[in-house]
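Right, one structure below, let's go through it.
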Amino acid sequence: MPATINVTGLGDAVAPDSTVTLREAIRSINGAANVNTDVVPTGAAYGTDDTITFTGLSGTIVLAAALDPLDVSVTINGTTGAGYAGAPVVTVDGNGNPTFAVNGQHVTIRGLSIVRSANNGITVQGPGASGVVIAGNYIGVRADGTTAAPNEASGVLIDGAANGTVGGTVPADRNVISGNVREGVVIQGSGASGNVVAGNHIGTNAAGTAPLGNATGVYVLAGAANNTIGGTATGARNVISGNTSGGVVLQDAGTTGNLIAGNYIGIDAGGTTAVPNPAGVLINGAANNTVGGTVAGARNVISGNASHGVSIQSPGTTGNVVQGNFIGTNAAGTAAVGNASGVVVTFGPANNTIGGTTAGSGNVISGNTALGVQLATVTGIVVAGNYIGTDPSGTAAVANGLGVLLSAGAVNNTIGGTSAGAGNVIAFNGGAGVALDDSVGATGLSSGASILGNAIFSNGALGIDLRGDGVTANDAQDSDTGVNSLQNYPLIASVVGRRVSGHLAGAPNASFRLEFFSNPARDPSGFGQGKTFLGAVTVATDGAGVAAFLFDAPADLRDQYATATATDLASGDTSEFGNAVLGTGLTPLLPPPIPSRLPLADPEQVVRAAPVVNTPLVPPGVEPVVTAGHIAPTAGVADSLAAKPVVVVGPGPGGNGVVRVINGDGTVRADITAFAGFAGGVKVATADVTGDGAADLVVGTGAGAAGGHVKVFDGATGELVYSFFAFAGFAGGVDVTGGDINADGFDDIIVGAGAGAPGGHVKVYDGRTGAQLASFFSFDAAFLGGVTVAAGDFNADGLADVVVGAGPGAAPHVKIIEATSLLRVGSDGQIAGPALLASFFAFDPTFRGGVDVTAGADFVANGVAELVVGAGSGGAPHVKVINGTKVTRTDPRGRISDDALLASFFAFDPAFRGGVRLGEADVDQDGIDELVIGAGRGVRVIRAPGFTDDVTRFDALSGGADGAYVA
């Protein structure tokens with residue numbers, strides 16, 4: 001039976017004085033012999049696992065010199081002192097001398113207050129000191145649990161020793177390690193492995209409610225490996241809070257495989273109130289360690305810290321994983337107990353992971369005052385599967401100041417990913433969801449930030465913000481430079497049913513991953529955020545840098561706003577979110593009630609959308625076959641077409657390139673294959689290009705066809721008059737119209753470039769000869785939203801002036817350009833001399849959905865053309881009819897003045913957000929053109945000049961086309 005020596009006095013002498021001191025007991029056990037006659041052990045003899053007790057004793061032992069090291073297995077049990085009830089009753093006061101040094105294995109020190117050591121409170125040193133247990137002590141703290149009495153170095157130092165335990169999983173094992181000059185607990189050296197620090201209060205009072213700081217709480221360094229701070233078992237939680245330099249620090253090469261799990265760091269024992277460390281967890285130069293985990297109990301609550309919750313820094317800091325934690329919230333994850341910043345990775349670390357894709361690996365990084373996650377001067381960091389700015393359900397706000405920030409040369413990092421579970425929920429943050437700023441690091445600007453598969457919504461600024469300055473305009477062929485190369489975003493043209501269509505204008509001959517998202521509401525910027533990830537497609541741009549896309553979502557997107565991002569597959573650069581477009585249904589859009597005529601007011605302002613098309617048209621033939629430049633129409637069709645009024649309808653994206661000619665009574669006259677099999681939509685117009693008095697058919701390809709293909713078919717004979725490419729190498733689609741610009745009696749062909757072409761490029765071709773008459777830019781070169789075009793005589797000179805309407809992304813700007821000035825266009829594409837007859841906003845300048853235009857009809861016999869404008873996708877179906885003699889009248893905000901309007905109304909139900917497309921035709925043959933309005937696959941024909949009565953309505957298209965273009 002092992003020996004037990006009971007300490008009977010509070011002195012420190014080694015003398016035969018009838019009192020057993022702690023020093024005498026240690027010396028006797030080390031020597032396996034009584035040091036004097038005072039020492040009378042119980043038990044058979046000295047041997048393994050001897051015990052020192054304090055039965056009948058309480059008070060303070062003040063040392064006069066260093067205690068002898070503990071060289072053999074022994075338990076020093078202060079819980080045996082008189083009156084012990086959970087807090088120490090025996091204090092060992094170093095009085096400026098070293099206290100406990102452990103060299104032997106299986107030593108236990110329990111239930112003491114250990115204060116004022118000249119060195120560490122307890123030093124466990126060397127490979128021989130394995131299996132040491134330190135439990136139930138107050139180290140650096142008086143027995144009252146609230147008064148610091150610092151040890152001059154650390155509370156506990158484990159130097160090169162293995163498999164020790166500091167604390168435990170039951171309350172009686174809890175140490176209070178606080179108030180020490182340096183660290184609370186240090187684990188250092190390559191032999192220091194398998195140690196566990198669990199169940200302690202480190203840096204607080206005994207209750208865990210107020211600071212009583214060490215400098216650093218727990219410091220693991222110099223190659224210490226495979227140690228555990230906390231654990232997953234019930235009771236293993238440490239409260240590591242209130243320290244003055246840091247909570248937990250892992251440092252140095254070789255410091256690897258350590259686990260920090262289940263702790264409260266920076267917050268009180270109740271998990272509700274901040275008891276700050278400067279930083280919660282710092283990993284500096286250490287590799288392959290884990291903070292948190294995916295199993296039950298592994299979660300750390302790292303909150304309330306004055307600077308960073310988790311800081312990962314310096315080269316060589318690699319392979320570390322931070323997962324399953326609450327960082328910046330209370331223990332329930334439901335309210336903010338913020339760090340200044342949640343997770344900051346900076347100064348050169350590589351290939352660390354914040355979160356993960358497996359169940360339970362995501363962190364909740366929320367409630368932090370400045371930002372959730374920052375990556376600066378780092379590479380290969382993965383931030384995946386986290387909730388950033390939300391509660392653990394991802395549905396309630398616990399906002400950070402900003403979600404994720406990449407700065408100072410953060411290169412080739414990933415936010416989210418393409419694997420299942422990789423997407424983060426980044427929502428409700430006060431600033432941007434994800435931002436890249438212009439700060440420069442050692443590697444230059446931040447780049448290669450792949451932002452993939454996330455749910456980013458309800459943030460106070462943009463969902464993704466390159467440069468941190470709001471929406472960054474696309475540029476031609478994405479040739480600009482900046483963070484993430486200022487990657488261009490996709491432009492959505494339409495969202496009908498499940499189908500999303502549009503195009504990307506980016507770098508030439510490059511491959512991109514386009515990701516699509518939906519939102520129940522639009523972002524105020526008009527460019528959306530991405531709440532629900534819908535899926536992705538891969539596209540390749542052509543030599544002009546344009547790629548059209550069609551994407552089918554998993555479900556109907558009716559009443560949802562769709563948006564998209566583009567990620568360059570070579571560089572990893574991800575764009576901002578593109579324009580947000582409201583989804584409409586696939587059913588024929590002849591909405592229920594048409595409201596009575598409305599006041600002259602602007603439409604409800606909503607998000608920008610794709611360019612819509614105006615137009616007029618009329619061709620003959622069914623399924624035309626081009627042979628030697630001619631169409632062979634079905635017998636008798638050409639004559640009947642020339643004789644009867646018709647409406648012409650081109651399919652939107654998703655159609656098959658077939659144009660439908662419809663009689664005034666709504667019956668189908670003919671289907672004409674304009675561009676066989678082409679699914680990008682067909683823009684349509686009618687114009688007397690051949691000068692024979694019959695309307696000819698002008699058609700142009702939507703996004704996805706190279707070169708801006710335009711064809712003209714003779715309305716009387718069916719002959720293919722022209723087939724040409726207006727914009728070589730460009731695949732963003734075109735809009736078309738016609739009018740006599742040069743007074744030769746032949747209508748000329750006017751072609752406007754679609755989204756992706758800079759500056760609102762417009763070209764005019766001579767209807768008689770096919771020669772190019774003009775090529776000019778109608779807007780600033782930075783504008784890439786494309787234009788819609790129309791033509792009409794607004795100054796009574798007998799010539800067709802050109803009308804351009806801005807596509808999505810810009811204010812709803814409309815310009816009327818005087819016909820003769822088009823013949824004075826310089827080599828730089830600019831028009832010399834007076835050119836503008838009018839320039840105004842069709843709707844409120846904040847609207848970004850694009851504006852459609854049509855002109856030519858003299859609705860009120862005033863001798864000039866009237867102009868009709870319609871709101872693009874995302875806006876209510878607002879139509880304005882403008883008196884051609886009053887197009888120069890504007891209000892102080894630059895909008896067309898109310899007194900210039902002949903009519904202002906919603907063409908369909910005001911809740912409809914699919915955009916309207918405009919045309920004109922004398923359907924009832926009364927000598928006055930009617931206004932033709934397309935929406936979805938339905939067409940409404942409204943009688944002029946009252947604009948209150950319908951001539952007819954009909955379903956124009958069948959099949960999968962996303963909407964109709966009309967003329």
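The values are calculated or read from the model by the stated rules, or taken from the named source; none is laboratory data. Remember, it's a predicted structure, so these values are computed and weren't measured experimentally. Glycine gets a Cβ as well: all are built from the backbone with ideal geometry, and neighbour counts include every protein chain shown.
For ASP898, are the conditions met, namely being surrounded by fewer than 20 Cβ atoms within 10 Å (Cβ to Cβ), within 26 Å of GLY681 (Cβ to Cβ) and either in contact (Cβ under 8 Å) with a residue 12 or more places away in the chain or not charged (D, E, K, R) (or both)?
no
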Report summary line: With the first residue restricted to the range 729-748 and required to be under 14 Å from THR769 (Cβ atoms), and the second required to be at pLDDT 90 or above and of a type in the set (Phe, Trp, Tyr), Cβ contacts under 9 Å at 6 or more apart or on different chains are ASP740/PHE746; ASP748/TYR765
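Residue-wise test of (1) surrounded by fewer than 24 Cβ atoms within 10 Å (Cβ to Cβ); (2) more than 24 Å from the chain's Cα centre (by Cα); (3) part of a loop (DSSP other than H, G, I, E, B).
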position: ALA296; (1), (2), (3): yes, yes, yes
position: ASN305; (1), (2), (3): no, yes, yes
position: THR334; (1), (2), (3): yes, no, yes
position: ASN339; (1), (2), (3): no, no, yes
position: VAL344; (1), (2), (3): no, no, no
position: GLY360; (1), (2), (3): yes, no, yes
Query raised in the report: Here are ASN509, ASN488, ASN484: which of them is at pLDDT 85 or above, part of a loop (DSSP other than H, G, I, E, B), touching a Ser or Thr at 6+ places or on another chain (Cβ under 7 Å) and crowded, with 23+ Cβ neighbours inside 10 Å?
Result: ASN488
Report task. Read through the list (1) touching a Gly at 6+ places or on another chain (Cβ under 6 Å); (2) surrounded by 23 or more Cβ atoms within 10 Å (Cβ to Cβ), then give the number of the only condition that THR443 fails. Result -> (2)
Report summary line: Residue set THR209, THR255, THR232; condition in contact (Cβ under 8 Å) with a residue 40 or more places away in the chain, within 26 Å of VAL295 (Cα to Cα) and among the hydroxyl-bearing types (Ser, Thr, Tyr); output residue THR232
**Report entry** Given (1) farther than 21 Å from TYR138 by Cβ; (2) in contact with a Leu (Cβ under 9 Å, 6 or more places away or on another chain); (3) of a type outside the set (Val, Ile, Thr); (4) at pLDDT 95 or above, index of the condition ASP68 fails
**Finding:** (2)
Requested in this report: Specify the residue that is farthest from the chain's Cα centre (by Cα); the eligible residues are those in the range 462-471 that are of a type outside the set (Val, Ile, Thr) and crowded, with 21+ Cβ neighbours inside 10 Å.
Outcome: LEU466
Report summary line: Among the residues of the range 307-324, the number that are part of a strand (DSSP E or B) and closer than 15 Å to SER361 by Cβ is 4
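Only one of ASN151, ASN120, ASN175 is over 45 Å from the mean Cα position of the chain (by Cα), surrounded by 21 or more Cβ atoms within 10 Å (Cβ to Cβ) and closer than 21 Å to LEU250 by Cβ; which?
ASN120
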Requested in this report: Name the residue, out of ASN238, ASN227, ASN243, that is more than 35 Å from the chain's Cα centre (by Cα) and crowded, with 24+ Cβ neighbours inside 10 Å.
Outcome: ASN227
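Take GLY702 and tell me if it is on the phi > 0 side of the Ramachandran plot and surrounded by 24 or more Cβ atoms within 10 Å (Cβ to Cβ).
For GLY702, the condition - on the phi > 0 side of the Ramachandran plot and surrounded by 24 or more Cβ atoms within 10 Å (Cβ to Cβ) - is not met.
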Requested in this report: Report yes if THR418 is surrounded by fewer than 23 Cβ atoms within 10 Å (Cβ to Cβ), modelled with pLDDT under 95 and out of contact with any helix residue (DSSP H, G or I) (no Cβ under 8 Å at 6 or more places or on another chain), otherwise no.
Outcome: no
Report task. Please state which one of THR885, THR820 is surrounded by fewer than 24 Cβ atoms within 10 Å (Cβ to Cβ) and at pLDDT below 90. Result -> THR820
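Conditions tested, residue by residue: (1) within 19 Å of GLY875 (Cα to Cα); (2) at pLDDT 50 or above; (3) β-branched (Val, Ile, Thr); (4) surrounded by 24 or more Cβ atoms within 10 Å (Cβ to Cβ).
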residue: ASP552; (1), (2), (3), (4): no, yes, no, no
residue: LEU557; (1), (2), (3), (4): yes, yes, no, yes
residue: THR563; (1), (2), (3), (4): yes, yes, yes, yes
residue: ASN579; (1), (2), (3), (4): yes, yes, no, yes
residue: PRO593; (1), (2), (3), (4): yes, no, no, no
residue: LEU598; (1), (2), (3), (4): yes, no, no, no
residue: ALA609; (1), (2), (3), (4): yes, no, no, yes
residue: THR615; (1), (2), (3), (4): no, no, yes, yes
residue: PRO619; (1), (2), (3), (4): no, no, no, yes
Query raised in the report: With (1) touching a His at 6+ places or on another chain (Cβ under 8 Å); (2) more than 27 Å from ASN509 (Cα to Cα); (3) not hydrophobic (A, V, I, L, M, F, W, C) as the list, and GLY745 as the residue in question, which single condition is left unmet?
Result: (1)
Report task. For the range 764-780, indicate whether the set of residues that are outside any strand (DSSP E or B), in contact with a strand residue (DSSP E or B) (Cβ under 6 Å, 6 or more places away or on another chain), charged (D, E, K, R) and closer than 14 Å to ALA687 by Cβ is non-empty. Result -> yes
Query raised in the report: Taking the range 19-33 as the search range and keeping residues that are at pLDDT 85 or above and part of a loop (DSSP other than H, G, I, E, B), which one is farthest from the chain's Cα centre (by Cα)?
Result: THR19
Report summary line: When every residue in the range 524-545 that is in contact with a Gly (Cβ under 9 Å, 6 or more places away or on another chain) and modelled with pLDDT under 90 is compared, the one nearest to GLY578 (Cα to Cα) is PHE527
Report summary line: Checked the range 525-550 for anything surrounded by fewer than 24 Cβ atoms within 10 Å (Cβ to Cβ), touching a residue at least 24 places away in the same chain (Cβ under 8 Å) and on the phi > 0 side of the Ramachandran plot; matches are GLY545
Query raised in the report: Out of the residues in the range 448-461 that are surrounded by fewer than 24 Cβ atoms within 10 Å (Cβ to Cβ) and among the polar types (S, T, N, Q), which is farthest from VAL425 (Cα to Cα)?
Result: SER450
Report task. Answer with yes or no whether ILE426 is surrounded by 23 or more Cβ atoms within 10 Å (Cβ to Cβ), under 22 Å from GLY528 (Cβ atoms) and at pLDDT 95 or above. Result -> yes
**Report entry** Filtered residue count, the range 862-895, keeping only those that are farther than 20 Å from PHE912 by Cα, of a type outside the set (Asp, Glu), touching a residue at least 60 places away in the same chain (Cβ under 8 Å) and not in a helix (DSSP H, G or I)
**Finding:** 6
Requested in this report: Please list, ordered by first then second residue, the pairs with beta carbon atoms under 9 Å, 6 or more apart or interchain, first in the range 640-658 and among the charged types (D, E, K, R), second at pLDDT below 75.
Outcome: LYS644/GLY664
Report task. Residues that are touching a Leu at 6+ places or on another chain (Cβ under 9 Å) and in the same structural domain as ILE61 (by TED's automatic domain parsing): find the strands (runs of 3 or more DSSP E) completely inside the range 131-203 holding 2 or more of those. Result -> 183-188
